[in-house]
Structures are given as structure tokens and as C-alpha cells.
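Below: the structure, in C-alpha cells.
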Amino acid sequence: MPTNRTADVLRELLVRHLATWLPVALHRSRRVTVALAWAGADGGGAEAALRAVVGHATQVRGRQVTILALADEASDLPARLGPVEAELPPEVTVHLLPGGPARLPVALKAAAAAGAPLFCFVDLAGPAHAEVLRACANGRNGEVLLHATASARAALGLAGFPLVAEVAPLTEADGEWATLRTTRRPA
């Protein structure tokens with residue numbers, strides 16, 4: 001499970017990316033899927049993601065948005081997300097599923113995500129699983145924001161992601177995060 005500071009940064013990256021991705025995806029297609037998967041607790045990320053979708057409610061009208069939320073430690077997720085779900089437009093369907101990222105390929109298949117734009121946020125406790133990344137690629141219609149313990153550049157390339165951006169924190173001696181280093185190269 002990520003530290004509090006890491007969880008805060010991941011949540012902010014998730015919300016910012018989703019806020020950028022969602023309007024473009026809804027412009028391209030009448031149906032989109034957002035998949036959120038955590039190995040462990042979500043650190044408030046699922047609630048933040050739903051609030052980001054609420055912020056785009058006018059763009060969602062007349063479209064179909066499916067949100068999948070998977071977390072190993074999700075016992076409190078229904079209680080936390082209930083009030084936010086009540087704010088979502090009727091075109092948004094939320095599925096809360098037990099289990100972590102390894103269950104993502106099955107969940108995406110059940111949600112009929114194939115062929116439509118797909119955004120995945122995956123927080124892994126270990127190395128990236130090839131089948132999870134292939135499912136996120138969704139036949140080149142997918143984007144993934146991946147938090148992994150090791151570089152997954154090669155695995156992302158093999159899964160079908162043509163462009164990979166890698167972000168790594170730079171720390172100072174006292175443990176505070178100084179900045180983020182980003183590299184973008186073809187996978």
C-alpha cells in the first residue's frame with residue numbers, strides 16, 4: 001500500500017488525467033469505460049475519480065459511461081462512494097468489484113469495454129502483469145495510468161501501448177519529495 005504522500009500524488013494524477021481524457025473520449029465515442037484497480041486500499045482514488053466524472057456531467061448526457069472499481073481492500077468502498085454515485089447522471093453506471101488488478105481483464109470483458117475508449121488506472125503492489133496490461137490496451141483504444149514498483153516500459157510496449165511516459169519522484173535527504181522527473185519515449 002502506498003504511503004499517504006504517494007496516495008495523494010496518485011490521486012491527483014488520476015483526477016487530472018481523467019479530467020483531460022474524459023471529454024476527448026466522449027467526443028470520439030458514445031460509450032466509454034473507466035477502470036480503476038488497486039492492490040490494497042484505494043486511498044480515496046475511487047471517490048476522487050467519481051467526483052471528476054460528476055464535474056463533466058453535461059458532457060456525459062446522451063452518452064454511456066461505465067466505471068469499474070476494483071480494490072483488494074474495498075469493504076468500505078460502497079459506503080464511501082454511495083453519496084458520490086447519487087450525484088452522477090443516469091448515463092453513468094458504477095460497478096464495485098472485490099479483488100485487485102488481476103481481476104481487471106475479466107471485469108473489462110464483462111463490462112463489454114472492447115472497441116470503445118478505455119481509461120485504466122492500475123496501482124500494483126508488484127511487477128506489471130502482462131494480461132492486465134493487454135486488457136488495458138483494449139485494441140489500441142486504451143490508456144493506462146500505472147503505478148508499479150518497477151519500470152514497466154517493456155511490458156507496456158508488449159501490451160500494445162505505443163507511447164509510454166514514466167514519472168519518478170526525486171527525493172531529498174529528509175525524505176520530502178522535491179519534484180517529479182518525467183521521460184517520454186516510444187515503448
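All conditions in (1) outside any helix (DSSP H, G or I); (2) surrounded by fewer than 19 Cβ atoms within 10 Å (Cβ to Cβ); (3) among the acidic types (Asp, Glu) hold for residue 47, with the sole exception of (1). Within the range 114-125, the set of residues being open to solvent by less than 20 Å² (accessible area, probe 1.4 Å) and not aliphatic (A, V, I, L, M) comprises 117, 119, 120, 121, 123.
Does residue 51 satisfy the condition of being among the charged types (D, E, K, R), at pLDDT 90 or above and under 20 Å from residue 18 (Cα atoms)? Criteria met by residue 51. Kindly indicate whether residue 133 is under 17 Å from residue 14 (Cβ atoms), in contact with a helix residue (DSSP H, G or I) (Cβ under 8 Å, 6 or more places away or on another chain) and modelled with pLDDT of 90 or more. It is false that residue 133 is under 17 Å from residue 14 (Cβ atoms), in contact with a helix residue (DSSP H, G or I) (Cβ under 8 Å, 6 or more places away or on another chain) and modelled with pLDDT of 90 or more. Screening the range 128-144 for residues that are out of contact with any Pro (no Cβ under 6 Å at 6 or more places or on another chain) and open to solvent by 40 Å² or more (accessible area, probe 1.4 Å) and picking the one that is nearest to residue 32 (Cα to Cα) gives 143. Residues that are touching a helix residue (DSSP H, G or I) at 6+ places or on another chain (Cβ under 8 Å), closer than 26 Å to residue 130 by Cα and surrounded by fewer than 20 Cβ atoms within 10 Å (Cβ to Cβ) occur at least once in the range 13-33. Out of curiosity, is residue 55 touching a residue at least 12 places away in the same chain (Cβ under 8 Å) and surrounded by fewer than 16 Cβ atoms within 10 Å (Cβ to Cβ)? When the stated conditions are applied, residue 55 passes them.
When the criteria are applied in full, residue 164 fails the requirement of being in contact with a strand residue (DSSP E or B) (Cβ under 9 Å, 6 or more places away or on another chain) and not in a strand (DSSP E or B).
The residues of the range 84-113 that are surrounded by 14 or more Cβ atoms within 10 Å (Cβ to Cβ), of a type outside the set (A, V, I, L, M) and within 17 Å of residue 30 (Cα to Cα), listed by number, are 89, 91, 93.
Within the range 98-119, the residues that satisfy the criterion of being modelled with pLDDT of 90 or more and either hydrophobic (A, V, I, L, M, F, W, C) or out of contact with any strand residue (DSSP E or B) (no Cβ under 9 Å at 6 or more places or on another chain) (or both) are 102, 104, 105, 106, 107, 108, 109, 110, 111, 116, 118, 119. Screening the range 1-30 for residues that are assigned to a helix (DSSP H, G or I) and of a type in the set (Ser, Thr, Tyr) and picking the one that is farthest from residue 124 (Cα to Cα) gives 20.
Residue count for the range 27-47 satisfying the condition of being without any contact (Cβ under 8 Å) to a residue 60 or more places away in the chain and more than 15 Å from the chain's Cα centre (by Cα): 2.
The values are calculated or read from the model by the stated rules, or taken from the named source; none is laboratory data. In this text the structure is predicted, and so the values were computed from the model without any measurement. Every residue, glycine among them, receives a Cβ derived from its backbone with ideal geometry; neighbour counts consider all protein chains shown. Areas reflect the complete protein model, heavy atoms only, side chains present, ligands, DNA and RNA absent. Shrake-Rupley method; radii C 1.70, N 1.55, O 1.52, S 1.80 Å.
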